[in-house]
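Inspection log for the structure reproduced underneath, given as structure tokens.
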Amino acid sequence: MNRIDQKFKENKKLLSIYFSAGYPNLNDTIPILNSLQASGVDMVEIGLPFSDPLADGPTIQKSSTKALQNGMTTETLFNQLENIRGHINIPLVLMGYFNPIMQYGIEKFCKRCQATGIDGLIIPDLPVDVYHKEYKDLFVQYNLYNMFLITPQTPDSRIHYIDEVSNGFIYMVSSSSVTGAKSTIGDIQMDYFNRISEMNLKTPTIVGFGISNKETYNASIIHSKGVIIGSAFIKFLEEKGVQKIDDFIKSIRS
């Protein structure tokens, strides 16, 4: 069974953390993963830096640019993760854009993911219908789940289609904007969360974009299986460093 499925069978609300591979420093990827697992995080999304990250806000864009300047590449990340399953057992998801994956070679990329123990992918600019028709069989061959994003503006028919072809979870974007930390969850977002909950989708949902603190975490888990935190965590890394990661996780779940 895929580790993502195993995690979602647990009777708890999940906390997933996103960070850009190679940030703050090129070789911080493994220390960050070790610290996140030790802090009780349920799943990690590792961002594959890209020069034109359209869905990302300024914080993640900045971290991606710095990671590229540090020398992070797709091959470097796979080399860093080569023996990761010797000590990391939580689900690992790679999040990145389709262009670097195509440049690397799609099947080669999937094969390396399987070899290093990656459980799934999030590719924001890969349309679900293109994935379904052209790539799903390949991803299934290498036991890779591919998760899709929905927003408050996504039509119900599209959401049901995503639910039909998805594995793992559906990434429920909290608002129609780029990534970025926000301090509160408003009535519009709560109405959206409730609307999705009432659709009774077969695929569990996780809320991302704008989750930054205990308040937004608690509000978002009411109608979802968990949350994803990215920008706020990256800001914390910049200000406090890798050694203080446990403090950040405790501030969310305390």
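The values are calculated or read from the model by the stated rules, or taken from the named source; none is laboratory data. On a predicted model such as this, the values are computed, not experimentally measured, just so you know. Quick reminder, even Gly has a Cβ in these numbers, built from the backbone with ideal geometry, and neighbours come from all protein chains shown.
Listing for the model above:
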quantity: Ile118 being touching a strand residue (DSSP E or B) at 6+ places or on another chain (Cβ under 8 Å) and touching a residue at least 60 places away in the same chain (Cβ under 8 Å); calculated: no
quantity: Only one of Met102, Met95 that is among the hydrophobic types (A, V, I, L, M, F, W, C) and either in contact with a Leu (Cβ under 7 Å, 6 or more places away or on another chain) or closer than 22 Å to Ser63 by Cα (or both); calculated: Met95
quantity: Residue match in region 176-190 (condition: farther than 30 Å from Leu26 by Cα, buried (at least 17 other Cβ atoms within 10 Å of the Cβ) and either hydroxyl-bearing (Ser, Thr, Tyr) or at pLDDT 95 or above (or both)); calculated: no
quantity: Members of region 1-22 that are farther than 28 Å from Thr151 by Cα and either assigned to a helix (DSSP H, G or I) or touching a Leu at 6+ places or on another chain (Cβ under 9 Å) (or both); calculated: Gly22
quantity: Meets criteria (aromatic (Phe, Trp, Tyr), over 17 Å from the mean Cα position of the chain (by Cα) and at pLDDT 95 or above) for Tyr171; calculated: no
quantity: Some residue of region 67-80 being within 24 Å of Cys110 (Cα to Cα) and in contact (Cβ under 8 Å) with a residue 60 or more places away in the chain; calculated: no
quantity: Condition met for Ser166 (small (Gly, Ala, Ser) and modelled with pLDDT under 95); calculated: yes
quantity: Only listed residue being surrounded by fewer than 17 Cβ atoms within 10 Å (Cβ to Cβ), over 25 Å from Ser224 (Cα atoms) and not β-branched (Val, Ile, Thr), chosen from Asn70, Asn89, Asn79; calculated: Asn79
quantity: Filter result for Ile222 (of a type in the set (A, V, I, L, M, F, W, C), modelled with pLDDT under 95 and at negative phi); calculated: yes
